[in-house]
1. Those residues that are under 28 Å from Ala684 (Cα atoms) and assigned to a loop (DSSP other than H, G, I, E, B), I need them from region 724-782; list them, please.
2. Among Leu1032, Leu1014, Leu1025, Leu965, which is the only one that is without any contact (Cβ under 8 Å) to a residue 24 or more places away in the chain and more than 30 Å from Ala512 (Cβ to Cβ)?
3. Taking region 304-352 on its own, how many of its residues are closer than 30 Å to Glu976 by Cα and of a type in the set (S, T, N, Q)?
4. With the condition kept exactly as written, say whether any residue in region 1071-1078 is surrounded by 19 or more Cβ atoms within 10 Å (Cβ to Cβ), within 15 Å of Gly1139 (Cα to Cα) and small (Gly, Ala, Ser).
5. Please identify the pairs in which a residue from region 710-721 that is at positive phi has its Cβ atom under 7 Å from the Cβ atom of a residue that is at pLDDT 80 or above, counting only partners at least 6 apart or on another chain.
6. For region 806-884, which fully contained helices (runs of 4 or more DSSP H) count at least 3 residues that are hydroxyl-bearing (Ser, Thr, Tyr) and surrounded by 12 or more Cβ atoms within 10 Å (Cβ to Cβ)?
7. May I ask you to say which residue of Gly983, Gly954 is over 29 Å from the mean Cα position of the chain (by Cα) and of a type in the set (Gly, Ala, Ser)?
8. Confirm whether Arg588 is among the basic types (Lys, Arg), free of Cβ contacts under 8 Å to residues at least 24 places away in the same chain and either in the same structural domain as Arg494 (by TED's automatic domain parsing) or closer than 18 Å to Thr289 by Cα (or both).
Amino acid sequence: MNSASLRRTLSKALSTGLCASILLLTPGTQELFAQTVRTGPTAAPGMTVPAVPVLGGALNAAPSNLNITGTNLVLPTLSPTTLPKPVIQAKTQLTAVAAPNAAALSAPISAAKAEILLQPKARLYQPAEQNSTRAPPAQQAATAKEVLETSAESLAKDETPAGRQQTLETLFTGGKAAASDAVDASSLDSVPQASGLHALPSLGELESIAVDSARPEAERKGAVENIAQGEGAEVQDSLQRVAAANPEGGAADYEVHRAALRALAGKGVILSLRPVSKTHAAEILARLTQNKPDLAIFDYDDTLQKWNTPISPETAAALKASNDAGVRTMILTDRPDVAQKPGDTTILDSLQPMSAEQKAGLIVQSSRGTRTTVFNRDGSARLIDSNDVSWTESEKTAITDAAAVMAERYGKPSREEFTAYTYFRTLRLGLSKAETEAAAAALQDELKTRGIDVEVIGRMPKDVQKDEPYLSLSKIDKSIGVRWTRSNLAFAERMMDAVKLGLSGRWLERLAGLFRRLPSRPVAAEKTLIVGDQFFGAKVTDRNMTKGAPGALALSVGGTADPRIDNVFVLPENGAAGSLSILGALGRAVPSEMNKKAVLGLFSSRTASIASFILTGIAYPFIAVPVVGWAGFGALMALGPLAAIATGPLNGLLVDRLSARNAMTLNAVIKVGMNLVLPIMAAAGILNFWTLLAASFANGWLLSSVMTTENAYIKSLAGKKNISTVNGLVWMNYLAIQVVLGLLLGVGQIVDAWDPNIAFLISAAVHALIVAPILWFTMPNIRREAPATPEKPSVPLKSRILDFLSKNWLPALLLAGAAALYAFSAPLLAAAAPFVTMPAMAAVLLKSTLPMTAALMYWISRGSSFKSLWNGGGREVSETEKALEAKIAEAQKAGRPDEAKELGKELKKNQVRLRTTMLYLGLAALMFYPLSSFLLPLMAQTLVGAAAKGMLLGQFSGSLFFGNLISTSAQAKLPEVRIPLIGRVPGQRFIQAAVAAMGAAWVYLRVAPGSLPLAAAAALVSLGLIALSGKLTNRGWVKLFGVGFLAVLFPFLVWTMPALIPFLTVQTAMMLSLLAVGMFFGPGQVSLNSYFQQNAGQGKMGSLIGIQGSFTNTAISVGYGLISMAAAALSPVLPPLLGLLAAAYLLGAFAFWRAPSKLPGLPSTMTRPKS
């Protein structure tokens, strides 16, 4: 063997070994096996071969598993006798499966493939021409061995680097695979697999998903995006078929239509959106009626009326109706308001038929929005703003540079014009429309690279044989008018007010200067409506309006619209007819869910009732304490709610069966009798612990009944959308009366000066003469039908008693034992003293009311209604729950148990959200009521004695509720009120101003009498606290609920360490701490109550509120029991009790800090985003 032959043999062996060693790592491995596997031993029966993705073939057609039992298909194996050979030939060749036929378009797709659709970045289908059956075997490479040997020989023979490179590329890429046919294998790693390797959806399958109205919109749009990843005519045809599908469909079908057209536009095929269906149009107009925009901007020509024609009476009336409905409706037109030459028809000429009354609320912007006009009282026009627009020096330079680039590409223009705000140049004679549009796009791109974003229009001349096509652009378009109006609407409305007052000349100019300096809240894009007819092609004058309010709702009445415009819809009616439909929707009154008469009656009756309740609340401790002492008073407060606990569910059932009028009036009448009980018993000389306890039981039941009734009916009286607002106003109504009577007027002086029983006589008169009549004549008398129940056979009384005892013997026995223990605890402990040494705290516990409270709550918890709420019954099933259930089913089906388990935890959290809310409402009550109803009277008497205790208690309560009022007023959201010359003011601002005035009055009348500077400072501080409170969401208030209660540590420190802040008295420190407690308690309580009501099912609202009320009263009773135990154990009681409360509140603060994570549906952030 000569040296050349030896060198060739070694090179061949080395090359063969090299190729074999890296065969499995090359991108063409799968194609190589598919072409060369021919012979080998038969596979074992039942063997399953995972499908191998064929990079150059029909990847989509490969099944996830191939069962080869009974076939000749085998796996390639190596024979020990032929180890040097790379691969043994197989008996049968793997062939591609043909593309699915037309019937496959309607076939269901697997869950795995549907999941793949949500991965739009990879190319997830194979075009049909690549799915066809492979060429015959004779035309393909025979075996892997032959391929490798041939490649090795080529490498040995070809001594040029380029030739060897070509040979390696041919081998490594599979030889016959074209670059355009390959799937990016790396992208497959990101595709989720449920089990094994699933076949990817084909183009036909993706198309069938996209047009299937039954599928979720996100899945359908994902299919469109995946289709768009491909190239070629087949892909464009598919997108056009998707775009044309479901022309009579709804909103989801239209969004898929839009997505398909956008995908086509990305490929250079720009088609107009089609008109929405009549059903979809009705939905759009209904939404306009329900959620009216703040600003509606209409084009005039071919939108409100035909070009250059006067306005019709119908359109004029519709414009006025829209303005009267609270939508600021304006006209924005290309036409001038002053004629430029004889014969011009100005926009004011077209509006001449409108009456002065119809013009009164109208704003007109002419000359593409550069001139703004309103109307005087007589209907004459008044120009209020003129915007002179011109190119800046840098813009001129940029345009000149871009024009030079265009001259190099298209030649020097025969005519070129450069004005203050426009640019114009001609193109070569004979350019086609497509070439002209391409030139416009080129100039626009050149300008964008230089920082100028303007629309360049390419137009064809009328006579293409004689005249040249041209390009034009302008700095002025309708986006200028839209931007100006959104930013300066308040200025325009103030000027309208001034003009209506008849002001003119110098006075109007001075006012205009002032109005421009006043702050103005821009109109949000989502509260803006744009209506026009030119949104597509070369006619883009109205499309430019959308640039002034990106994302605003845009409605085309011209039959076309560019799909690349966000949130644009084409209405089925064109021109004036379509505009009249839109104006009709804007001017139509919104059906109110609120029963205004009933809500007004509720607030009126509550005001009178709360005023008398405050008076009796101050008086009651000073009636009871002289009779039973502070420990006995604590026991009365703890035992009073027991009746409410026991009757809570019953109250709920009664509410479900009585009308609002009957239920509320009945409560008022009973209140009259209850208020007369204490004065009568005092006059008869029978006031003692047991008579007071009986009265406390009755009052506890009545309070529960009143709360249950009001809470149950608020949703039906106010409407679901208004629950939060009405709840906030109801609470502020209570707080404002507390502040005015307790903090400002010092109503506690009545209790100090007169017999405390007089307060109860006053309350009885108020309820009999004011409250009950108001409720009777304002509440609706609509009786709720009791749920239908099957008739039950009559059961003898004896049997019913025995059945009751058999079911409830244990809780009844526990309650009886607890009651006996409380009644006879003193003699029992005395009798046991010689035999048992009992710890002091155990003795205090046995003397307390806590055992009775626990026994009664145990009994209530055994009821079916309580168990239903505890386990998630009675709630409104949310969309989140439905979505979670679907995800769990999908995860279980796909074999992802860990994911299903986590989703199950989230679902459980949603299902028991009423229970969780009830627990937190109970904790809130436990923290608040012992402080307000036990500690404050005790502190008032301890600090100032009997002579002024009522006055100080009223001030303490007023401070607590003033803090509450500050933060609650910041949460209120009320309709805007427009004040002439000032503008639109949110309704809550008036309440907040009143709160600031209360703060000033408090300082001026009570804290620093007669000091105006301190009163002004108090008003400013109040407004600052309101502003800070307004930044928190419901999530923030719930999370921070317990933080405010920690402020009780402040008076404790002042009391125990007077040298720390020597100028501050304990009374003042306590009032400041109560201010902080109130600030956090109010909004948190409102947030939790609103959350409970919004998530409770309307059909069982009464019983659910009743159960929640029972639980809350249990918590109140526990709180009273605990604080009375603490007071009995401490000597002296104060100030140590304050320190003990601060420690307990620290635990409560921790519990509330974790609350939002257990209450799904609260806002995602603690603070409101900046608007």
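The values are calculated or read from the model by the stated rules, or taken from the named source; none is laboratory data. The shown structure was predicted, so the numbers you read here are calculated from the model rather than taken from an experiment. All Cβ positions, glycine included, derive from the backbone under ideal geometry; neighbour counts span all protein chains shown.
1. Selection gives Val747, Trp754, Asp755, Pro756.
2. Working: Leu1032 fails: without any contact (Cβ under 8 Å) to a residue 24 or more places away in the chain; Leu1025 fails: without any contact (Cβ under 8 Å) to a residue 24 or more places away in the chain; Leu965 fails: without any contact (Cβ under 8 Å) to a residue 24 or more places away in the chain.
Of Leu1032, Leu1014, Leu1025, Leu965, the one residue that is without any contact (Cβ under 8 Å) to a residue 24 or more places away in the chain and more than 30 Å from Ala512 (Cβ to Cβ) is Leu1014.
3. Count: 5.
4. Yes, some residue in region 1071-1078 is surrounded by 19 or more Cβ atoms within 10 Å (Cβ to Cβ), within 15 Å of Gly1139 (Cα to Cα) and small (Gly, Ala, Ser).
5. So the pair list comes out as Gly719/Met594.
6. Numbers: elements: 825-832, 840-847, 850-861, 864-870.
Answer list for region 806-884: 850-861.
7. Details: Gly983 fails: over 29 Å from the mean Cα position of the chain (by Cα).
The conditions single out Gly954.
8. Numbers: among the basic types (Lys, Arg): yes; free of Cβ contacts under 8 Å to residues at least 24 places away in the same chain: no; either in the same structural domain as Arg494 (by TED's automatic domain parsing) or closer than 18 Å to Thr289 by Cα (or both): yes.
Criteria not met by Arg588.
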